[in-house]
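The values are calculated or read from the model by the stated rules, or taken from the named source; none is laboratory data. Because the structure is a prediction, the values reported are computed rather than measured. Every residue, glycine as well, gets a Cβ built from its backbone with ideal geometry; the counts of neighbours run over all protein chains shown.
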Amino acid sequence: MVGFCLKMSKNKKRVPMRTCIACRAVKPKEELVRLVYSPEGLVEIDTTGKRPGRGAYLCGRSECWERGAKRLGYVLTARNKKK
Ligand SMILES: [Zn+2]
């Protein structure tokens, strides 16, 4: 029975997963909004998912957007500063 279940799940398409920086929920990439820290130092919403630059993801909850907005600058710039 268990072996059968494993076989079934392996047939599913692999969906790239991303983590919301505010609530840490792991969701399929398409369900999250990508934010990009541009070379100009601005945080922009990436609707295409293809923009260059450092990316971070937020889920659709308004709560996460409030928390995420504060965290985002820190998350993205802290990585730059440390190296
Ligand atoms: Zn979230």
Only residues that are touching a Gly at 6+ places or on another chain (Cβ under 9 Å) and part of a strand (DSSP E or B): list them for the stretch 19-34, please. Cys20, Val33, Arg34
Subset of the stretch 28-42 that is crowded, with 16+ Cβ neighbours inside 10 Å and more than 16 Å from the ligand (Cβ to nearest atom) - its residue that is modelled with the highest pLDDT: Val36
Out of the stretch 46-65, which residues are within 15 Å of the ligand (Cβ to nearest atom), loosely packed, with under 13 Cβ neighbours inside 10 Å and without any contact (Cβ under 8 Å) to a residue 40 or more places away in the chain? Gly60, Ser62
